[in-house]
Amino acid sequence: MFTRVSKTALVQKIIRPAMRAQGMLPVMQRSFTGIVDTMGLLEAFGKEFDFERDNYEAVAEKADFLRTKGFAFHETSDGVTMILSKKIEDKTFEISFKSRQPGHESEGYSLSDDDDINEASYTDFTVYITKENKGIIYECTCLNTEVSISQVIFNNNIENFKKIPVTQREEAVYLGPDFVSMPEDIQKSLSNFLIDSGLDQETVAFVEVMSLDKEQRLYMKWLRDVETFVKGSEIF
């Protein structure tokens, strides 16, 4: 069955030097000469791509997880969004999540007790439990398979709801109260309903790992696309 162990190495191998992570641009110290260092760029990108490719480890348990849990998995090569979906009796259970970069702790960066946990450590995802285009929407965050629910929304037109930009939803539809402000018995019953509908620990682990896997695949594609563009651009 699926475990998080298979992707631990992946997280550790995605290296983002501190200088780049902080947005520092040492190249700005160079004087303008009018000469484009094409070979230097291609060499740097080529080495980085080779490193990522050689250290990439696909999620070996992906097929077994999908078959065992009965999920269909949807993604596009260029898109950041991934979707898990399946039918449960007369309802559709769907999880939507995106690629994410690993947190600093995955790169040898230690957090002090006073530091906030890096946001990149978390995985945000949305669960849709629908019937005839109506249903309940859970806005969630997870870290090490621990799930926090921030919002529980009911909507009569789920497909229309999905089209509303996240930043505009609060003004467009009623999103319900903050989850933590609800009575404890309501929180517990909604949490149990989510679990009973199909959100178990293995599924959460899969979401976390695939979000990192997708990020590395997109990063490798970006490296190769830029390299190919520079090689084929006449201005260089």
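Could you say which residue among 5, 11 is farther than 17 Å from residue 214 by Cβ, modelled with pLDDT under 70 and under 18 Å from the mean Cα position of the chain (by Cα)?
Details: 11 fails: farther than 17 Å from residue 214 by Cβ.
Selected residue: 5, the only one of 5, 11 that is farther than 17 Å from residue 214 by Cβ, modelled with pLDDT under 70 and under 18 Å from the mean Cα position of the chain (by Cα).
In the stretch 54-97, what residues are in contact (Cβ under 8 Å) with a residue 24 or more places away in the chain and in a helix (DSSP H, G or I)?
55, 62, 64, 65, 68, 69
Against the condition under 16 Å from residue 212 (Cβ atoms), in a helix (DSSP H, G or I) and at pLDDT 90 or above, how does residue 51 come out, does it pass?
no
Residues 162, 214: which one is closer than 23 Å to residue 63 by Cα and out of contact with any Phe, Trp or Tyr (no Cβ under 7 Å at 6 or more places or on another chain)? Steps first, answer last, please.
Working: 162 fails: closer than 23 Å to residue 63 by Cα.
Of 162, 214, the one residue that is closer than 23 Å to residue 63 by Cα and out of contact with any Phe, Trp or Tyr (no Cβ under 7 Å at 6 or more places or on another chain) is 214.
Collect the residues in the stretch 151-203 that are closer than 26 Å to residue 65 by Cα and within 21 Å of the chain's Cα centre (by Cα), keeping them in residue-number order. Lay out the reasoning, then the answer.
Of the residues in the stretch 151-203, the ones closer than 26 Å to residue 65 by Cα are 190-203.
Passing the criteria: 194, 195, 198, 199, 200, 201, 202, 203.
When both residues are 6+ apart or on different chains and their Cβ atoms are under 9 Å apart, which pairs have a first residue that lies in the stretch 149-160 and is in the same structural domain as residue 123 (by TED's automatic domain parsing) and surrounded by 13 or more Cβ atoms within 10 Å (Cβ to Cβ), and a second that is of a type in the set (D, E, K, R) and assigned to a helix (DSSP H, G or I)?
Close Cβ pairs satisfying both conditions: 153/169.
Mind checking which residues of the stretch 57-75 are in contact with a helix residue (DSSP H, G or I) (Cβ under 8 Å, 6 or more places away or on another chain) and either surrounded by fewer than 14 Cβ atoms within 10 Å (Cβ to Cβ) or at pLDDT below 95 (or both)? Write out each step before concluding.
In the first step, residues of the stretch 57-75 are kept if they are in contact with a helix residue (DSSP H, G or I) (Cβ under 8 Å, 6 or more places away or on another chain); the result is 57-62, 65, 69, 71-73, 75.
57, 58, 59, 60, 61, 72 - these are the residues of the stretch 57-75 that are in contact with a helix residue (DSSP H, G or I) (Cβ under 8 Å, 6 or more places away or on another chain) and either surrounded by fewer than 14 Cβ atoms within 10 Å (Cβ to Cβ) or at pLDDT below 95 (or both).
The values are calculated or read from the model by the stated rules, or taken from the named source; none is laboratory data. As the structure is a prediction and not an experimental result, all values here were calculated from the model. Glycine also receives a Cβ, built like all others from the backbone with ideal geometry; neighbour counts cover every protein chain displayed.
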